[in-house]
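To start, the structure itself, in structure tokens.
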Amino acid sequence: MAVNTPLERDRSDGPTVLIVDDDETILRVLTRFGQRAGFESVTCASRTDAFECLRQRHIVVALVGLRMP
């Protein structure tokens with residue numbers, strides 16, 4: 001379950017980071033770290049959602065969980 005739906009994001013003026021993980025807690029924690037570092041965060045809970053975000057947004061950095069279903 002995603003913290004944000006694809007393309008929904010936490011507003012910031014900084015570069016955009018894509019955070020992909022199936023663990024909602026990880027998504028929230030990494031989003032907070034990204035905000036503090038000046039990044040705009042886009043979160044997705046699946047690779048399908050992540051690919052859609054990548055097609056529609058200019059993503060500078062992607063943090064991706066390795067063990068996702």
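The values are calculated or read from the model by the stated rules, or taken from the named source; none is laboratory data. Everything numeric in this text was worked out from a predicted model, so none of it was measured. All Cβ positions, even for glycine, are placed from backbone atoms using ideal geometry, and neighbour counts span all protein chains on display. Heads up: the accessible areas ignore ligands, DNA and RNA and are worked out on the full protein's heavy atoms, side chains in. Shrake-Rupley method; radii C 1.70, N 1.55, O 1.52, S 1.80 Å.
Across segment 16-69, the number of residues qualifying as open to solvent by less than 20 Å² (accessible area, probe 1.4 Å), β-branched (Val, Ile, Thr) and part of a helix (DSSP H, G or I) comes to 1. Does residue 41 satisfy being modelled with pLDDT of 90 or more and polar (S, T, N, Q)? The answer is yes for residue 41. For residue 5, the criteria (1) part of a loop (DSSP other than H, G, I, E, B); (2) modelled with pLDDT of 95 or more; (3) among the β-branched types (Val, Ile, Thr) hold in every case but one, which is (2). Could you run through segment 14-33 and say how many residues are farther than 19 Å from residue 66 by Cα and in contact (Cβ under 8 Å) with a residue 24 or more places away in the chain? Adding up the residues that qualify gives 3.
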